[in-house]
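**Q** Right, I'll just put the structure down here and ask away after.
The values are calculated or read from the model by the stated rules, or taken from the named source; none is laboratory data. All figures in this text were calculated on a predicted structure; none of them were measured in a lab. A quick note on method: Cβ atoms are made from the backbone with ideal geometry, for glycine too, and the neighbour counts reach across all protein chains shown.
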Amino acid sequence: MGGLATSLALAKQGFKQIDVYESSSNLGFVGAGIQLAPNMARILDRLGVWKDIEAEAVDLKETSIRRSCCPKTCQWEHQLTGNIEGSTNEQLAHVDLNYIRETYHYPHMVGHRSNLANSIYEGCKKEKAINFFFATAIDSVISYGPTPSFKAIPRKGGEPYTVDCDVLLAADGVKSVVRDQLLKQTGVDAKIVDTGQAAYRIMLRRDEMEHDPELLKLIDSEAVTRWIGPKRHIIAYPVSNKNIYNLSTVQPDVNFAAAPSATYTTQGSKKEMMKVFDDFDPMITRMLDLVKDGEVCEWKLRVHEPLPFWTHEQTALIGDACHPTLPHMAQGAAQAIEDGAVLGVVLSKLPEATPEAIKKVLKVYEGVRMDRAYQLVELAAASGRSLHLGDGAAKEERDRQFAALKEKKGGAVPDKWADADVQKQTYGEDVMKTANERFDELYAKA
């Protein structure tokens with residue numbers, strides 16, 4: 001997502017040759033649902049691709065945060081008081097999202113990841129400056145500057161060859177080859193962080209749900225629902241004009257615990273998935289039971305330690321290559337798209353086409369983006385810790401805060417995604433405007 005957005009942003013700024021190297025043989029987009037926040041929509045609209053994305057997305061009007069443990073579990077959790085306060089599907093908090101569009105001039109929508117990526121790709125294909133080289137992997141970086149170069153390997157046969165460029169922008173994901181080699185060369189040790197969590201991502205079709213009145217009500221809604229329980233939660237919402245219901249879970253990692261560090265996905269077991277959530281609301285277990293055997297896929301949730309820099313010489317990292325995040329703020333793709341938009345702005349303001357000027361401009365990009373991205377990474381981690389609390393004083397305080405939100409008393413919101421102050425921080429900043437306003441200041445310091 002970051003690579004496509006960056007390419008399109010540069011083309012819109014008038015750059016004449018933008019070469020994109022992709023290891024896959026094509027961009028046959030797959031994936032699950034994705035949240036389309038206002039800070040993302042603002043940029044995609046400027047890049048000319050938002051209308052197609054918006055046409056298939058669902059405009060969120062509300063979010064409901066619910067406790068989802070069955071009475072027997074809650075009796076166990078509250079045996080000291082004898083109060084079964086955690087009855088099945090109890091609503092802990094409700095947030096009206098109607099104000100989002102008016103406040104930030106764009107809605108908070110949800111859509112299908114493939115539609116988002118394909119729309120940006122179609123925008124790229126309209127730009128003569130953008131050239132795609134598919135089925136081509138980066139084997140190694142030869143130089144990070146002043147003329148960056150790397151060894152490209154055609155995956156369908158052919159001899160490796162060297163690519164030279166003026167600027168090398170690495171959007172090669174959480175397993176970034178460019179990042180790993182750069183850190184090794186500069187002596188920086190930024191370890192992969194094992195979160196101890198994994199995720200199932202599930203897409204249910206309308207025809208699979210419409211026989212059940214409770215499930216039909218969910219897919220017909222314009223709402224995000226989050227069901228939370230000890231060490232686990234599920235977030236769900238309709239996408240694709242309400243023809244698909246998307247569920248994303250987070251639970252303790254079991255299947256990946258002994259796997260190699262390079263492994264991020266595995267074939268999951270429906271039986272094990274059902275067992276993980278067997279104490280959740282019966283409506284949820286009915287939804288999970290609709291998943292076909294053999295179609296369960298589980299993702300390992302890994303991040304890496306914050307990096308001390310994102311740029312080196314005439315090379316810069318983008319998206320998950322430099323700021324992978326947990327999904328609890330729904331900002332992973334949005335932050336990669338912000339990276340691309342800012343790179344488009346700052347490189348367009350390049351005072352002269354020299355390696356030294358390029359190096360300084362990339363430092364401006366880092367100065368605009370790094371603190372903001374890492375703040376959101378930490379907010380996502382904090383939100384996950386809060387949502388997964390077991391019994392105890394911390395959970396009681398969390399539920400007190402949810403109750404205050406439900407009663408419109410204000411105060412901190414444990415689910416940071418639903419916190420109005422955090423929404424203002426996340427959705428309210430126009431990073432392209434920030435890049436323009438801060439360019440001279442940051443360029444002078446670079």
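**Q** Can you tell me how many residues in region 423-443 are farther than 17 Å from HIS108 by Cβ and surrounded by fewer than 14 Cβ atoms within 10 Å (Cβ to Cβ)?
**A** Count: 4.
**Q** When you go through (1) basic (Lys, Arg); (2) in a helix (DSSP H, G or I); (3) farther than 23 Å from VAL163 by Cβ one by one for LYS359, which number turns out not to apply?
**A** Looking at each condition in turn, LYS359 falls short on (3).
**Q** Out of all the residues in region 301-310, is one or more of a type outside the set (Val, Ile, Thr), at pLDDT below 95 and either in a helix (DSSP H, G or I) or more than 30 Å from LYS445 (Cα to Cα) (or both)?
**A** yes
**Q** Follow-up question, since we're still on this one. I'd like the residue in region 112-167 that is assigned to a strand (DSSP E or B) and in contact with an Asp or Glu (Cβ under 6 Å, 6 or more places away or on another chain) and, out of all such residues, is nearest to VAL361 (Cα to Cα). Before the answer, list the steps.
**A** The initial filter retains those residues of region 112-167 that are assigned to a strand (DSSP E or B), namely 112, 130-133, 136-143, 149-154, 161-164.
The next check asks that each one be in contact with an Asp or Glu (Cβ under 6 Å, 6 or more places away or on another chain); those that pass are 131, 149, 151, 153.
Numbers: ASN131: 24, SER149: 19, LYS151: 25, ILE153: 30 Å.
The qualifying residue nearest to VAL361 (Cα to Cα) is SER149.
**Q** Residue under question is THR249, and the condition is that it be in the same structural domain as VAL167 (by TED's automatic domain parsing), β-branched (Val, Ile, Thr) and crowded, with 21+ Cβ neighbours inside 10 Å; does it hold?
**A** no
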